[in-house]
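Remarks on the structure that follows.
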Amino acid sequence: MKLNERSLTPLYQQVLEDIKAQISSGTYQSGDKLPSEAELSAMYSVSRVTIRRAIEELSSEGYLTSRQGKGTFVNTRKMTRKLRQVSGVVSFTDACAAMGMQPGARVITACSSPVDIESRGLFGRDCSQLVNITRVRTADGVPVMWEENYLPFGPYSFLLDMDLTDTSLCKVLTERTECESFKSKFHTIEVVSATVQLAKALEISAGDALFFEHAVLVDQQDRPVCLITRYPVGARFVYDLD
């Protein structure tokens, strides 16, 4: 590609936009290895410094990942989630399926835990113990989210006897309980930095941007079922505001 040296757009930005366009068009697909810096430098007739800056920008935006000694690779497409789900909660599994991606779940913790002030206020004074299901969710094998689920122990203790690997928790709850559908309430989202623990589990760097979601799942009678905290990877997630 011949870049426009007279354009007000910097050369690295032109390279960046062209590579991004090739990713969008499918010329470069998820998992593909990009040509080396030297090859890209020759292709675009620019310096390796210009190529390196374009790659760094694309990596920070989540399009590419550089692996030391192996090269630079195209990332899996970003997960898209709708903020407004008026007809009920769309599970992570269903959201992946809608995008033609393979959902997955790796169990980190499945145990009972004591009730804290927030969960006691949510589930009532009779709730003295919680089921804690913590998992890393993947899309096409790539970790995209850390997810913690807290449910009252009494009605949901059966979850501790199940293998929830690569399983939709929403589907399990609808199949094993009287809950036919769910809604999400008190939902907030903010941006936080990845801790060392989260970074290791999500295969990113400590300090990378994560979304932090806080939600309560309720059934069709508006009864609280699950307290949820999620940490989607900022570079691997996009939210649809419509």
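The values are calculated or read from the model by the stated rules, or taken from the named source; none is laboratory data. All figures in this text were calculated on a predicted structure; none of them were measured in a lab. Positions of Cβ are backbone-derived with ideal geometry, glycine not excepted, and every protein chain shown enters the neighbour counts. Side chains are part of the model used for accessible areas, which takes the heavy atoms of the whole protein and leaves out ligands, DNA and RNA. Shrake-Rupley method; radii C 1.70, N 1.55, O 1.52, S 1.80 Å.
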If I filter segment 155-176 for residues that are surrounded by 18 or more Cβ atoms within 10 Å (Cβ to Cβ), in a strand (DSSP E or B) and modelled with pLDDT of 85 or more, do I get at least one hit?
no
Give all pairs with beta carbons closer than 7 Å in which a residue from segment 43-68 that is within 24 Å of Glu5 (Cβ to Cβ) meets a residue that is in a strand (DSSP E or B) and of a type in the set (Ser, Thr, Tyr); count only pairs at least 6 apart in sequence or on separate chains.
Ile55/Ser66; Ile55/Thr72
Here is a check on your reading of the model: is Thr134 loosely packed, with under 15 Cβ neighbours inside 10 Å, within 24 Å of Ala194 (Cβ to Cβ), under 22 Å from the mean Cα position of the chain (by Cα) and of a type in the set (Ser, Thr, Tyr)?
no
Any residue at all in segment 155-176 that's small (Gly, Ala, Ser) and under 21 Å from Val90 (Cβ atoms)?
yes
Those residues that are acidic (Asp, Glu) and open to solvent by less than 70 Å² (accessible area, probe 1.4 Å), I need them from segment 1-47; list them, please.
Asp18, Asp32, Glu37
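Looking at segment 188-206, which of its residues are farther than 30 Å from Gln68 by Cβ and free of Cβ contacts under 8 Å to residues at least 40 places away in the same chain?
Quick first cut of segment 188-206, residues farther than 30 Å from Gln68 by Cβ only: 188-190.
Thr188, Glu190, listed by residue number.
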